[in-house]
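Worksheet for the structure shown next.
Throughout, read-outs are computed from the coordinates displayed, never taken from laboratory work. This one's a predicted model, so the numbers in the text were calculated from it and none came from an experiment. No Cβ is skipped: glycine too gets one built from the backbone with ideal geometry, and neighbour counts run over all protein chains shown.
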Amino acid sequence: MKNIILKLIGILGLIYAGLFVIFFFDLDGKFLYYVFEPFMVKHYDKMERKDNTATPYDMKEDVMK
Amino acid sequence: MKMGEIRDKVRGKFAGKPAKEGTVKIGSKRSLKKVASDFWYGKPHEERRLGDLYIGDTGLYKHREWRGVVDTMYYFNMIWLYNYAHMVTDIMKYGGGPKGVINFAKGTWRYRWMGQTYLTVMHWFDRGLEGMRGPILRGSAWHYRGMVSETIRQFQEMFACDKKLHGGIESEQWKHNIAHNETVSGSIFYGFHDVLEDIPLEMIPYFVTCHVNNHTVLHYIDAAQSIGLPSDPCPMCQAEYGIFVLDDYPDFAPTMITSNEACDGSVATSVLQDWFLNRPLFAMPQPMRYDDPLVQKHCQKEIEECWKFIEKQYGVKFDWDMYCKYAEEQNKLTAFEHEKWDVAANTPYYPINGVAQALYRIYYSQDGNRPIWHEIDEYVRKIMNKTVRNQIVTLPKTRHRVIAWSCAPLYYSNWCTWAYNCWGLNCVINMDSLMFDQFLRTDTYEHALEDLSWYNEKAPMRAMAVGGHEHILSLWDYMEKFNCDMVVMYDQLQCKGMQGIHGVFEDEFRKRDIHAIWVPHALPDKRTVSRKEIRKIINDYMITVMREEPLDPTLLDFEDDSSW
């Protein structure tokens, strides 16, 4: 039991230290800037979108009815 | 690549520059003492060299700032970890459990303003809180936390009922949502608050994005111009209808309450939204010259008409008791704001920095009463009381107390953090904070309507900017009230209203012998006047007119064009 608790504390300590490294060296920012954002931008750029400008000017109606 | 090159590259990305030689002999007793002191307390302001921490023009850090043990650990535990963890819990809480995570993922995949912007939110904290220590770090961070939580609530509410994310299904909640323009205050809907959910349509897809990651908004501005709309009106209006041109708005409500916001540029927003949305829409214009008693009557009538529109569309009745309950709750927020202003104006112990003050105030007063604002105010109250009791000077390197006037550059709302770190300019208060300064009486229906109408008229960009010269020139009174000796005068290049009064201010500054720095910008669009250009203007004034030396010379000139 004591060993398990010590192991658990050790694992949590390692996770905490790992998170501190991510924080201190701004690894979260670097990941988002160099990897995540460019990937998402590519995705949004090629996304098919409805052409809202094709909406007829006179199709106003009460959609609650 | 040779090992040496790899090592240099890694050092360039992650390590700061080595300390300048010749000051303290390495290995000497004094140097060890100094290293230990810097480690424990953080470096003194003049030795921080914050500009050396940036990687190129990305705005990323080689490493985040070491603020001393206590403040670094506070930042790590109570800001970075706390906020990342609470973002997850907020997504679940406001999204109705684990399905909230699925809606969040769907929304992130569907909307550029979501996926490209909000995951970078911790850098928004970093930029605003650079160089902050002690209570001002804590108080300002709580303000940021409030804004993050409320932002998550709003987009989770939108995603939960968004027809575009749910195969075109009109859920029960969709039928009980009201979409409204971001400058239509949440307080208008207090009488329906428990039965209908009001969500500002552009606040999260447009306004907040500009502060967090200013890359996103440029797509919407360009989209607006791509269909032939002119490029010279306010880019805020352009971005708002650009979202519709790109079909990047969530479809979460059957009706829309719109507004002319502060200027005629945004009339186009309302007209185009009416076209694109194709659903019942109520346009509730806000008057410009609002002192006229006849305008008051008109504005009150408009609010009542809006309530009638909601009653008709949703089949619910305006509930007076419900209105009173939430108006009184909101008054508590206003009362605390006055307490904060009192401390900011009369003491050096105010634990909120310029950017946190400006953004939090405009956010909650526009958004209306929500539990998170009360929660945050309680945290901040404790910090402020302690700071005042112990007489802790929160920005000890203050050389000038600054008031910022007119509308701020959204892509550089954290300029005041930079200005303090570089020049000791302490932006005590700003114009946007002073708007919405109105208690809502609830003793009679007539008083309630009268005050709500005033509140609506004191909306952003309206109370002072386009409300008439007697309001815009109230700057002098506020300068005195807040004990300021300098003005940073924002010059929104595409605001026709404020451009018209430029010369009046020039004359008045000269006549009154006031140091004023004009800061040109184009609200959300960083391409017109870059952040670097804004810094250069302030630097030039501080060097050539004020004849002062920078506190941190590494912040004088650096690139950040590609940063968030």
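Assorted remarks:
- The fewest-to-most ranking of B:LEU196, A:LEU6, B:LEU425 by surrounding Cβ atoms within 10 Å reads A:LEU6, B:LEU196, B:LEU425.
- Which of A:LEU14, A:ILE4, A:LEU32, positive extreme of dipole for segment A:2-46 (C-beta unit charges): A:ILE4
- Residues of type lysines that B:LYS386 reaches as a straight line, Cα spacing below 23 Å, ignoring anything fewer than 8 places off in the same chain: B:LYS332, B:LYS340, B:LYS397
- The base-10 log of I(q)/I(0) for segment B:322-555, evaluated at q = 0.07, 0.10, 0.13 Å⁻¹, reads -0.24, -0.49, -0.82 [Debye formula, identical scatterers on Cα atoms, solvent excluded].
- Listed residue (B:CYS237, B:GLY146, B:THR444) projecting farthest to the positive dipole end of the protein assembly as shown, Cβ model: B:GLY146
- Segment B:449-497 versus segment B:91-105: alpha-carbon centroid distance in Å: 40 Å
- Close amide H contacts of B:ALA404 (hydrogens built in the peptide plane, cut-off under 5 Å, sequence separation of 5 or more or a different chain): B:ILE429, B:ASN430, B:MET431, B:VAL488.
- The calculated FRET efficiency for the pair B:ARG389 and A:ARG49, based on their C-beta separation and a Förster distance of 41 Å, comes to about 0.15.
- Restricting the calculation to Cα atoms, segment A:2-46 shows an Rg/Rh of 1.33 when the hydrodynamic-style radius is the Kirkwood one.
- Amide H contacts of B:THR258 (H built 1.01 Å from N, under 5 Å, at least 5 apart or other chain): B:ASN181, B:PHE282, B:ALA283, B:MET284
- For segment B:322-555, size of Cβ-based charge dipole, Lys and Arg +1, Asp and Glu -1, in debye: 840 debye
- Ignoring aspartates and glutamates fewer than eight residues from B:LYS93 along the same chain, the ones with Cα atoms less than 15 angstrom from its Cα are B:GLU150, B:GLU157.
- Dipole in debye (nearest 20) - segment B:217-362, about Cα centre, beta carbon charges: Lys, Arg +1; Asp, Glu -1: 240 debye
- At q = 0.09, 0.10 Å⁻¹ the log10 of I(q)/I(0) for the protein assembly as shown amounts to -0.75, -0.93, computed by Debye summation with a single uniform scatterer per C-alpha, solvent ignored.
- A dipole drawn for segment B:149-207 from +1 and -1 charges on Cβ atoms has a positive end, and of B:GLN156, B:TYR206, B:GLY168 the residue lying farthest that way is B:GLY168.
- Separation of the alpha carbons by more than 31 angstrom is noted, of B:LYS106/B:LYS312; B:LYS382/B:LYS496; B:LYS458/B:LYS526, for B:LYS106/B:LYS312; B:LYS382/B:LYS496.
- 10 Å-binned pair-distance histogram of segment B:114-219 (Cα, whole percent): 13, 37, 32, 15, 3
- Computed [θ] at 222 nm, helices only, for chain B once each DSSP H run of length n ≥ 4 contributes -39500 (n - 2.57): -15500 deg cm²/dmol
- Annotation: extensible slack from B:LEU493 through B:HIS86 equals 142.7 nm (criterion: 0.36 nm per residue apart, minus Cα-Cα distance).
- Antiparallel content of DSSP bridges confined to the protein assembly as shown, in %, to 5: 5 percent
- Values of log10 I(q)/I(0), in the order q = 0.13 Å⁻¹, for chain B under a Debye, Cα-only, solvent-free model: -1.46
- Cβ-placed point charges (K, R +1; D, E -1), dipole of chain B about Cα centre in debye, nearest 20: 3040 debye
- Linear extension gain, B:ILE169 paired with B:GLU559, 0.36 nm per residue minus alpha-carbon span: 135.7 nm
- Nearby lysines by direct alpha-carbon distance to A:LYS30 (threshold 20 angstrom, same-chain neighbours under 8 apart not counted): A:LYS42, B:LYS9, B:LYS13, B:LYS17, B:LYS62
- Volume of the convex hull of segment B:412-540 (Cα atoms only), normalised per residue: 128 Å³.
- Taking a ≥ b ≥ c as the square roots of the eigenvalues of the Cα gyration tensor, segment B:474-564 is classed as oblate, since a/c reaches at least 1.5 and a/b does not exceed b/c.
- Between helix B:82-95 and chain B there is an angle of about 10 degrees, using the helix long axis and the longest principal axis of the Cα atoms.
- DSSP beta bridge pairing in chain B, given as percent antiparallel to the nearest 5: 5 percent
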